[in-house]
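Remarks on the structure that follows.
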Amino acid sequence: MQSMGIFQKSILAHQKRTRSVLVVSIFFMLLSVGFSVNAQVIDRSIDEIKHESIDRVKRGAYPLGGLDQGDVEEAFSKITTRDPDDWANGFGSVADKYMAIAANAKTKKEAGAAYKRAWRLYYFGQFPVPNSPGKKVSYDKAINAYIQYLNTQDIPTEVVKIPFEGKFITGYLRFPKNAKGPVPMILAINGLDSRKETVAESYTEILDQGVGFLAIDGPGTGQAPIKVDNKADRMFSTAIDYLYKHPKVDNKRIIAFGVSFGAHWSAKLGITEKDRLLGVVAQSPAVDATFSEAVITSKVNGNKEYLFDYIPATLYVYEGANTVDDLYRLVPEMSLKKQGLLGKPTTRMLVVAGVKDTQTPIQDAELLLRSGDIPKEAWVNPRGGHLGREATGWIDPVIFSKVIIPWELKLIKESRNQ
């Protein structure tokens with residue numbers, strides 16, 4: 001009887017091992033052929049998202065910079081699942097409160113502060129992309145709140161509609177107050193989950209230096225008229241056409257800035273539009289390795305540097321992408337090396353990067369720096385992650401104020417002295 005018990009235990013153990021091997025085998029089989037993103041991507045749970053978000057808001061870290069901890073905690077008290085509409089409704093309910101405060105404010109300053117607070121909450125309510133009915137509503141409300149906020153500011157902002165292939169490139173055009181003569185300009189391009197509103201806010205501080213900006217959404221994001229493919233940079237060429245012809249723009253001093261995915265576009269423009277751009281800033285540029293199968297797989301298997309939903313956000317922005325299998329097919333075509341661009345002449349460049357970046361490998365920044373025909377400049381943080389940022393200290397606004405804007409101003413000054 002004792003030997004029979006041992007035999008039975010052995011059979012049970014073998015069955016468990018067999019089931020485990022079967023589950024693992026099925027997982028990798030499905031991964032190889034492609035299937036619904038929700039079935040395969042490893043990501044944070046809602047409780048993990050809440051914990052990480054509170055930690056980030058305390059540090060002023062992306063994507064919660066500028067948000068109030070109390071507002072975030074209030075929103076999370078209403079969110080119990082990972083359902084995107086549940087997320088949008090939680091943050092939207094808090095944002096609605098500030099819209100009401102703004103509507104009843106007695107001064108423009110009070111109204112502006114409330115509208116800005118509402119915009120940040122609605123924006124986070126659609127994070128990382130508006131891929132559900134509730135998140136679409138949150139995104140629309142974010143745009144409305146931001147424009148209401150702009151209307152309370154002393155320096156006017158023009159919402160421009162640039163004709164493009166039967167549609168429009170929507171952007172925020174802003175010139176320095178009381179500017180005289182043609183103005184140097186920044187063409188500001190957002191990343192995968194940031195928006196033209198967020199880069200516009202970053203560039204408000206350059207207005208006091210006599211420089212203006214045009215902030216637009218990159219392909220597949222915000223109000224962009226097209227999605228991502230390897231020819232989508234034509235959208236930016238149209239935006240440069242617009243700036244080139246604008247009577248208030250100094251078209252000899254246009255600089256393109258791109259953050260994260262936007263840095264892919266600014267790096268590409270530094271080659272394809274070298275004769276029309278004074279320079280470009282590429283902050284964590286995706287050049288070649290980022291678009292490899294190995295890096296795509298690493299993101300499918302989870303990326304803790306990204307708050308949540310990296311793969312759904314990526315699927316949302318690519319033309320023709322519905323499954324992870326589509327990404328394996330489409331993403332490699334974005335490589336600047338594969339497009340034969342890296343050996344060509346470039347304009348002046350500043351490459352900003354972090355050695356510990358898990359979203360855009362440092363090899364891409366290094367490859368870009370070694371390519372082209374003229375010396376480039378770099379700011380590389382050996383302890384930095386994506387965009388060169390750290391948990392504290394070198395956070396996004398600090399890098400922007402201490403590294404990026406000073407380089408752009410230096411470039412403009414040097415061009416005037418030549």
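The values are calculated or read from the model by the stated rules, or taken from the named source; none is laboratory data. Source: prediction; values computed, not measured. All Cβ positions, even for glycine, are placed from backbone atoms using ideal geometry, and neighbour counts span all protein chains on display. Ligands, DNA and RNA are stripped out before the accessible areas are found, and what is left, the full protein with its side chains, is counted by its heavy atoms. Shrake-Rupley method; radii C 1.70, N 1.55, O 1.52, S 1.80 Å.
Could you list all residues from region 384-418 that are among the basic types (Lys, Arg) and under 15 Å from Thr198 (Cβ atoms)?
Of region 384-418, the ones among the basic types (Lys, Arg) are 389, 402, 410, 413, 416.
Correct list: Arg389 only.
All conditions but one from (1) of a type in the set (A, V, I, L, M, F, W, C); (2) closer than 18 Å to Ser266 by Cα; (3) in contact with a helix residue (DSSP H, G or I) (Cβ under 9 Å, 6 or more places away or on another chain) apply to Trp407; the one that does not is (3). If the condition is being touching a strand residue (DSSP E or B) at 6+ places or on another chain (Cβ under 6 Å) and open to solvent by 20 Å² or more (accessible area, probe 1.4 Å), then region 363-393 contributes Leu369, Lys376, Glu377, Ala378, Trp379, Val380.
Only a single criterion out of (1) among the charged types (D, E, K, R); (2) over 21 Å from Val159 (Cβ atoms); (3) open to solvent by less than 60 Å² (accessible area, probe 1.4 Å); (4) not in a loop (DSSP other than H, G, I, E, B) is not satisfied by Asp43, namely (4). Looking at (1) at pLDDT 95 or above; (2) among the charged types (D, E, K, R); (3) open to solvent by 20 Å² or more (accessible area, probe 1.4 Å); (4) more than 23 Å from Thr314 (Cβ to Cβ), can you tell me which one Asp229 breaks? The single condition Asp229 does not satisfy is (4).
Under the condition of being more than 25 Å from Asp68 (Cα to Cα) and part of a loop (DSSP other than H, G, I, E, B), which residue from region 133-170 is most open to solvent (accessible area, probe 1.4 Å)?
From region 133-170, those more than 25 Å from Asp68 (Cα to Cα) are 133, 155-170; that's our starting set.
Restricting the remaining residues to those that are part of a loop (DSSP other than H, G, I, E, B) gives 155-157, 165-166.
Working: Ile155: 31, Pro156: 95, Thr157: 35, Glu165: 112, Gly166: 85 Å².
Among those residues, the one meeting the criterion is Glu165.
Residue check: Met99 meets all listed conditions (1) of a type outside the set (D, E, K, R); (2) within 16 Å of Gln126 (Cβ to Cβ); (3) modelled with pLDDT under 95 but one, namely (3).
Keeping to region 59-83, report how many residues are at pLDDT 95 or above, within 26 Å of Leu387 (Cα to Cα), in a helix (DSSP H, G or I) and not β-branched (Val, Ile, Thr). So the answer is 1. List, please: which pairs have Cβ atoms under 7 Å, are six or more places apart or on different chains, and start with a residue in region 83-111 that is closer than 30 Å to Arg44 by Cα and end with one that is of a type in the set (Val, Ile, Thr)? Taking only residues 6 or more apart or on different chains, the pairs are Asp86/Ile79; Asp86/Thr80; Trp87/Ile79; Ala88/Val137; Gly90/Ile79.
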